[in-house]
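Beneath this line is the structure, given in structure tokens, with notes to follow.
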Amino acid sequence: MFITASTLGLSACNDSDKDDDNAALNQPPAFLSGEVHHNRYDGSSNDLLTAGLGASGLAGAAPAFADPLNPSPEELRTLAIYNNYRALVDTSTNGGYGTLFGPQVDAQDSEGRVAGDEYLAFMTVGDNESVPVTAMVQIPDSFDPANACMVTAPSSGSRGIYGAIGTAGEWGLKKGCAVVYTDKGSGTGADNMATGTTQRIDGTLTMDTREPVQFRSDLSAAERAAFNTATPDRFAFKHAHSKVNPEADWGQHVLQSIQFGFYVLNEQFGEETPEGGHKITVTPANTLVIASSVSNGGGASVRAAEQDSEGLIDGVAVSEPNVNPVVDSSLSIRQGSQPAITGHSRSLFDYTTAIAVYQGCANRAPNVRDDAPFNAALNNVPANENACAALAAKGLVTGADLDARAADAQRILEQDYGIQPEQNLVAPSHFGANVAQSIAMTYANAYGRFGVEDRLCGLSFAATNASDGSVMPLSATQEAALFSASNGIPPTAGVNLVFDDATGMPTNLSLSTSPSSGLQDYGLDALLCLRSLAQNRDAVSRAALSGTAAANATRIADGIEKVRATGDLQGKPAIVVTGRADAILPINHTSRPYYGLNQKIEGGSSGLRYYEVLNAHHLDAFNAFPGFDARYVPLHRYYIQALDLMYDHLKQGSALPPSQVVRTTPRGTGAPALTAANVPPIASSPDAADRITFEAGEVRIPD
């Protein structure tokens, strides 16, 4: 069933008179586009949190489609929930799943299933009417309008609408809160340029250009034909190629998802009028709203709190947020007795392109090459060594041999770019999984609002042959599952990064040979091109860019300025938890300087608490694997506690613990079962030696 949206606004939903007998009539928000799809889940055969799989099913084998070429919307939803949950949460028993966290922990149902209603819709933001944003509201049966609460769940990374199901989604649903989701204008939307196949809101495929879809390239038929002739079998992805810089509007996406949530709640719980409509009875005034999520979703909720002009948000609780703080050179960061860091607050594009250029070589540094988990398994060792040779030939690293050059690459990342040494053992696995490379390519396109046809730095997206990296069509079964399997940022679900200008032929970036070096070096030429755009000067010669390259760099820089976080949370209580070993969003450019910026701007009125967790990193799902299991603890455990602390603070006035370093104990050799002793709670009264403070313009972090 569905509710037809109209062009009427939601302004009445924020009126202070909503609670009286003359409450305004509930109206669909003007930003909704098309139908609002409603599905009811009974909590047995299917449910909101686990798609009927239960906690056991989420930890088990992936569900299969009855017909792999034509999966049903419900099959796509089930697999999407399965994959998105497991992407963020370690579901191994010894990792704490089922004891310290998981759907079944502190749940009414033994398998953690949650009955309720789900509403799904497209919405538009500002003038970007041609590129829809997906929003969703889940209302558990345990929701009590007399004790109303709501949690925001913008997707992490570039994930689709279920991208925060295992984080903010799980906590909110188990708490009896409505959960409002958005894909933040990124998501799984993909356009097969060769066939014109795109995804409907439910993930099923269509080639009908009249249908509303998650994303469709704006090329004309003639332009598409020319593109396909020159570069066949390519894909355009929504985050990279929508030409709207979605991150600039992430805060608005979250705020609109909240407004959509109030509309749906009042349709379901508002007093019915004689004319058949519903009055507005569930309001921001009588509903506790926590802005939440992790990674990109956490950054989106932080930005929403900064931009909240209507008082929709009561508090913030986020984990490892992707925030690009406004650069304030008067601030410094000092850990223990180490020198103060002043080169903080680099943009995501800046530090990620540096990692993309240097990490391949740093993987061979003597202190990490044999100890870093998955280094040899995920990385092409000869290509790593070729990257060192190519960087040395260009004068970008020094050293007479491989060891010295790799050590210099690692030194550059640490000393020149503020990367924590704690990330060194985590980073090789991420490079082998193309994390920095994919982020650099996608965000360069997004910030500069480039289209698929621009092929920035000679990079594109396509399926590739495993043996030689050559471009090939994506299989029909893989394309049918994109909604469920894709994380929105290739390489993903069979679609890879392709270096179109590689020697010989367009080649999978990981297998490509750079023209300048003649070596298979992870496509270093393409990565150096991206690095040059980040610096607005040639990464090798250091000369200022000119012509098209300079114009492209300016477009990207302008886009980055539009995503900068101000640090002004308007006095809202807020919690940020981050792992010190985060190798994707380095803490000296994200959480640490954001905390300092907020303290400087809000001073004594600041409600922000910052908890830095030792032996924790960005991707808890990796903790299920050898090497990670013994060394790292789940940051997810502390994210849940942050939400509990914020809820108790808002509901009962409980004090938030001071900012602090949380000292955990890894499981060690053999990785025995994780216990509460490994992950002690955030201390209500931490020792002075563990407190994070802001003094004399400096963020001071204990070792």
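Observations on the structure shown:
- When 341, 412 are checked against the criterion of being of a type in the set (A, V, I, L, M), crowded, with 16+ Cβ neighbours inside 10 Å and in contact with a strand residue (DSSP E or B) (Cβ under 6 Å, 6 or more places away or on another chain), a single residue qualifies: 341.
Conditions tested, residue by residue: (1) among the aliphatic types (A, V, I, L, M); (2) within 24 Å of residue 650 (Cβ to Cβ); (3) in contact with a His (Cβ under 9 Å, 6 or more places away or on another chain); (4) surrounded by fewer than 24 Cβ atoms within 10 Å (Cβ to Cβ).
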{"residue": "93", "(1), (2), (3), (4)": "no, no, no, yes"}
{"residue": "107", "(1), (2), (3), (4)": "yes, yes, no, yes"}
{"residue": "131", "(1), (2), (3), (4)": "yes, no, no, yes"}
{"residue": "144", "(1), (2), (3), (4)": "no, yes, no, yes"}
{"residue": "147", "(1), (2), (3), (4)": "no, yes, no, yes"}
{"residue": "150", "(1), (2), (3), (4)": "yes, yes, no, no"}
{"residue": "162", "(1), (2), (3), (4)": "no, no, no, no"}
{"residue": "178", "(1), (2), (3), (4)": "yes, yes, no, no"}
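- Residue within region 296-317 that is of a type in the set (A, V, I, L, M) and surrounded by fewer than 21 Cβ atoms within 10 Å (Cβ to Cβ) present: no
- Subset of region 285-323 (residues that are in contact with a His (Cβ under 8 Å, 6 or more places away or on another chain) and of a type outside the set (A, V, I, L, M)): 295, 315, 319, 320
- A count restricted to region 218-248 and to residues that are under 16 Å from residue 474 (Cβ atoms) and open to solvent by 50 Å² or more (accessible area, probe 1.4 Å) stands at 1.
- Annotation note: Cβ proximity below 6 Å between a residue of region 597-609 that is under 13 Å from residue 316 (Cβ atoms) and among the charged types (D, E, K, R) and a residue that is open to solvent by 80 Å² or more (accessible area, probe 1.4 Å) and at pLDDT below 95 (sequence gap 6+ or interchain) occurs for no pair.
- For the criterion of being closer than 20 Å to residue 607 by Cα, aliphatic (A, V, I, L, M) and surrounded by fewer than 19 Cβ atoms within 10 Å (Cβ to Cβ), residue 326 passes.
- Qualifying residue in region 653-665 (condition: open to solvent by 60 Å² or more (accessible area, probe 1.4 Å) and either in contact with a strand residue (DSSP E or B) (Cβ under 7 Å, 6 or more places away or on another chain) or farther than 28 Å from residue 293 by Cβ (or both)): no
- Residues in region 386-409 that are within 19 Å of residue 528 (Cα to Cα), touching a residue at least 24 places away in the same chain (Cβ under 8 Å) and open to solvent by 10 Å² or more (accessible area, probe 1.4 Å): 386, 389, 393, 394, 395, 396, 405.
- Residues in region 69-91 that are closer than 13 Å to residue 50 by Cβ, hydroxyl-bearing (Ser, Thr, Tyr) and outside any helix (DSSP H, G or I): 1 in all.
- Of all the criteria given as (1) closer than 24 Å to residue 246 by Cα; (2) touching a Leu at 6+ places or on another chain (Cβ under 7 Å), the one not satisfied by residue 456 is (2).
- Flag for residue 64 being crowded, with 22+ Cβ neighbours inside 10 Å and within 29 Å of residue 624 (Cα to Cα): no
- Scan of region 193-206 for residues that are of a type outside the set (A, V, I, L, M, F, W, C) and surrounded by 22 or more Cβ atoms within 10 Å (Cβ to Cβ), ordered by number: 198, 199, 203
- Flag for residue 125 being β-branched (Val, Ile, Thr), buried (at least 24 other Cβ atoms within 10 Å of the Cβ) and either at pLDDT 95 or above or out of contact with any Lys or Arg (no Cβ under 7 Å at 6 or more places or on another chain) (or both): no
- Scanning region 650-671 for residues that are farther than 24 Å from residue 579 by Cβ and part of a loop (DSSP other than H, G, I, E, B) yields 653, 654, 655.
- Remark: residue 569 matches the filter, which requires a residue to be open to solvent by less than 10 Å² (accessible area, probe 1.4 Å), in a loop (DSSP other than H, G, I, E, B) and in contact (Cβ under 8 Å) with a residue 12 or more places away in the chain.
- Within region 418-433, if we keep just the residues that are touching a residue at least 40 places away in the same chain (Cβ under 8 Å) and over 21 Å from the mean Cα position of the chain (by Cα), the residue that is surrounded by the fewest Cβ atoms within 10 Å (Cβ to Cβ) turns out to be 422.
- Residue in region 592-613 that is part of a loop (DSSP other than H, G, I, E, B) and in contact with a Pro (Cβ under 9 Å, 6 or more places away or on another chain) present: no
Residues are listed down the side, and each one gets a yes or a no for (1) at pLDDT below 95; (2) open to solvent by less than 60 Å² (accessible area, probe 1.4 Å); (3) touching a Cys at 6+ places or on another chain (Cβ under 8 Å); (4) among the β-branched types (Val, Ile, Thr):
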residue	(1), (2), (3), (4)
478	no, no, no, no
482	no, yes, no, no
490	no, yes, no, no
498	no, yes, no, yes
522	no, yes, no, no
538	no, yes, no, no
546	no, no, no, no
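- Selected residue [touching a residue at least 24 places away in the same chain (Cβ under 8 Å), of a type in the set (Gly, Ala, Ser) and open to solvent by less than 10 Å² (accessible area, probe 1.4 Å)] from 336, 277, 261: 261
- Residue 49 touching a residue at least 40 places away in the same chain (Cβ under 8 Å), in contact with an Asp or Glu (Cβ under 9 Å, 6 or more places away or on another chain) and open to solvent by 60 Å² or more (accessible area, probe 1.4 Å): no
- Across region 442-478, the number of residues qualifying as part of a helix (DSSP H, G or I) and either of a type in the set (Ser, Thr, Tyr) or more than 26 Å from residue 71 (Cα to Cα) (or both) comes to 14.
- Summed over region 345-367, residues that are more than 20 Å from residue 444 (Cα to Cα), open to solvent by less than 10 Å² (accessible area, probe 1.4 Å) and part of a loop (DSSP other than H, G, I, E, B) total 2.
The values are calculated or read from the model by the stated rules, or taken from the named source; none is laboratory data. Values in this document were obtained by computation on a predicted structure and should not be read as measured data. Cβ atoms come from the backbone with ideal geometry, glycine included; neighbour counts cover every protein chain shown. The accessibility values were calculated without ligands, DNA or RNA, using every heavy atom of the protein model including side chains. Shrake-Rupley method; radii C 1.70, N 1.55, O 1.52, S 1.80 Å.
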